[in-house]
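Worksheet for the structure shown next.
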Amino acid sequence: MKTKTRRSALALFGGVASIALILTGCSPSTGGGGSQEAVTQDDIDAAMTTPTELTFWTWVPDIENEVALFEDKYPAIDVTVENVGQGLPHYQKLRSAIEAGEGAPDVAQLEYQYIPSFVLNESLLDLTAHGADDLADDYVGWAWDQVSPGDEVWGIPQDVGPMGNLYREDLLSQAGITEPPATWEEYATAAQTVKDSTGSYISNLGATQAGQMIGFFWQAGAKPFGYDGQETVTIDVNSDEAKEVATYWTDLIQKDLVSTDVDFQDQWYQGLASGKYAGWLTAAWGPVFLQGTAESTSGLWRAAPLPQWEAGDNISGNWGGSSDAVLASSENPIAAYELAKFINHDEESAMRLATEQFLFPPQVSVLEDPAFADQESEFYGGQKVNQLFAEISDTVDTDFQWLPFMDYVYSTYEETMGTVIADKGDLAAALDDWQDQLVSYAEAQGFTVE
């Protein structure tokens, strides 16, 4: 195994950084890597015993440990692991290599929201001929639907980000709140109480964080995006459900009960450590991230599900997560698929990803394994945080799609919603502007908008 890696401060948390527009020269197509003959066990045996070199682009730190397990099982296969960057650099280089017709990897890590943009250009291999359909029941349903929204399978789920509420128990207790708010109405009341009693904001709404807001839409039942895999898209970012979410946050922001600091920057890190924020509405990757960011507050934090729009409901959204996909250009598709599958499906490899790299797993067997679920976290007062988020993972709506130009979606979010959040303006009105921009762009690219 050859390794070329560079670590990033956000390397574990796909989806947390907005990505600028990098789609160029794309036109609608029938998508995908084309139909194939079913791969037989004889085909697999031959491929996995033939000396072969594979290249794997990923930003997961230390994933060469899981790759080494694969190479031990298949000594004829030599894998070169390359970290070409996370977010914008990763996708820029991947698209450039695909367009140039050379230099693309065999396997690439892709966040779920970017899969449709690679399907659009027929850049991914449909994995159904390799038997990927047989893995569907091994993953939580909504995560599998992210890689297989139709009949095709475009990747193997690697990690997910079901959303929950991390909160400072000491600050809420100081405000007389003994239980985390169960509804969004209770959360708004608690925000006022916490601010009056402690001076802290109950949470922060990152002014440029599209992933978090889209996760809130997801929980509220909004369906802002849709794509048929060909030339028709659905754009509805200003639906009634989305506007209810936007109006809710507008009210808290304008009352100065929620801050709007840009997240994942120094001021925000300091706020988590200093008690400026009494909580963080985040994803399943957040608990480990917070431990490293606010180490001095160990023992003060607790975890809970997101507040609900209706009392008694149990619904969450997702923020982040990624898959490993095989490029259609790979000259060794069988070995490439077996690598993507092994990394994320082999029991030892998947458990290591969850317990050593702290990627939150989509694989049911890992979520249910006591070695993962029963871990007690000192940082969270001995709470079994993994078990809580495993339960939350079962509450994410399976019916959520993306557009084949999410790069543009995120960049225009910053221009519309992000600016208004920072200015403490009307977020619902900003949704109308965002809707108009996305529709105009889609039509200019030749898509039919429904």
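Observations on the model:
- Residue match in the range 315-333 (condition: under 23 Å from E186 (Cα atoms), outside any strand (DSSP E or B) and open to solvent by 10 Å² or more (accessible area, probe 1.4 Å)): yes
- Candidate set from the range 238-259 (those that are of a type in the set (S, T, Y) and in contact (Cβ under 8 Å) with a residue 60 or more places away in the chain); member that is least open to solvent (accessible area, probe 1.4 Å): T250
Table: residues versus (1) in a helix (DSSP H, G or I); (2) touching a Gly at 6+ places or on another chain (Cβ under 6 Å).
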site	(1), (2)
F70	yes, no
V84	no, no
P105	no, no
P116	yes, no
V119	yes, yes
A129	yes, no
D151	no, no
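- Within the option set F360, F389, F400, F379, being over 19 Å from the mean Cα position of the chain (by Cα) and among the hydrophobic types (A, V, I, L, M, F, W, C) holds for one residue only, F379.
- Where helices (runs of 4 or more DSSP H) fall wholly inside the range 166-237, the ranges with 1 or more residues that are polar (S, T, N, Q) and surrounded by 23 or more Cβ atoms within 10 Å (Cβ to Cβ) are 210-220.
- Yes/no for A428 being within 19 Å of W218 (Cα to Cα), of a type in the set (A, V, I, L, M) and open to solvent by 10 Å² or more (accessible area, probe 1.4 Å): yes
- Scanning the range 289-298 finds one or more residues that are in a loop (DSSP other than H, G, I, E, B) and buried (at least 18 other Cβ atoms within 10 Å of the Cβ).
- Restricting the range 391-413 to residues that are at pLDDT below 95, open to solvent by 10 Å² or more (accessible area, probe 1.4 Å) and not hydroxyl-bearing (S, T, Y), the residue that is farthest from S365 (Cα to Cα): D399
- Which numbered condition V262 misses (of (1) among the aliphatic types (A, V, I, L, M); (2) crowded, with 21+ Cβ neighbours inside 10 Å; (3) farther than 30 Å from I156 by Cα): (2)
- Selection of the range 79-102 for residues being over 16 Å from W59 (Cα atoms) and either among the small types (G, A, S) or in contact with a helix residue (DSSP H, G or I) (Cβ under 7 Å, 6 or more places away or on another chain) (or both) yields S96, A97, A100, G101.
- Check on N344, within 22 Å of the chain's Cα centre (by Cα) and under 12 Å from D159 (Cβ atoms): yes
- Number of positions in the range 97-120 that are in contact (Cβ under 8 Å) with a residue 40 or more places away in the chain, under 25 Å from F447 (Cα atoms) and surrounded by fewer than 19 Cβ atoms within 10 Å (Cβ to Cβ): 1
- Filter pass, A132 being farther than 17 Å from M48 by Cβ, open to solvent by less than 10 Å² (accessible area, probe 1.4 Å) and modelled with pLDDT of 95 or more: no
- Residue in the range 376-404 that is nearest to D137 (Cα to Cα), counting only those that are in a helix (DSSP H, G or I) and among the acidic types (D, E): E391
- Filtering G320, G312, G286 for residues that are out of contact with any strand residue (DSSP E or B) (no Cβ under 8 Å at 6 or more places or on another chain) and not aliphatic (A, V, I, L, M) leaves a single hit, G312.
- Tabulated pairs, the range 418-443, first free of Cβ contacts under 8 Å to residues at least 24 places away in the same chain, second open to solvent by less than 50 Å² (accessible area, probe 1.4 Å) and of a type in the set (A, V, I, L, M), C-beta under 7 angstrom, 6+ apart or interchain: V420/L427; V420/A430; E443/V449
- Scan of the range 39-82 for residues that are touching a strand residue (DSSP E or B) at 6+ places or on another chain (Cβ under 7 Å), closer than 23 Å to A97 by Cβ and open to solvent by 10 Å² or more (accessible area, probe 1.4 Å), ordered by number: T52, E53, T55, W57, E64, D78, T80, E82
- Selection count where residues are in contact (Cβ under 8 Å) with a residue 40 or more places away in the chain, closer than 22 Å to T40 by Cβ and over 22 Å from the mean Cα position of the chain (by Cα), scope the range 129-183: 3
- Those residues of the range 371-388 which are surrounded by fewer than 17 Cβ atoms within 10 Å (Cβ to Cβ) and farther than 21 Å from R352 by Cα, in sequence order: G381, G382
- Restricted to the range 341-370, and to residues there that are free of Cβ contacts under 8 Å to residues at least 24 places away in the same chain and surrounded by fewer than 17 Cβ atoms within 10 Å (Cβ to Cβ), the residue that is nearest to T58 (Cα to Cα) is T355.
- For the range 300-314, the candidate set comprises residues that are part of a strand (DSSP E or B) and crowded, with 24+ Cβ neighbours inside 10 Å; within that set, the residue that is nearest to the chain's Cα centre (by Cα) is A303.
The values are calculated or read from the model by the stated rules, or taken from the named source; none is laboratory data. Everything numeric here is computed off the predicted structure, so don't read it as measured data. Heads up, the Cβs are rebuilt from the backbone with ideal geometry, glycines too, and the neighbour counts pull from every protein chain shown. What goes into the accessible areas is simple: the full protein's heavy atoms, side chains included, and nothing from ligands, DNA or RNA. Shrake-Rupley method; radii C 1.70, N 1.55, O 1.52, S 1.80 Å.
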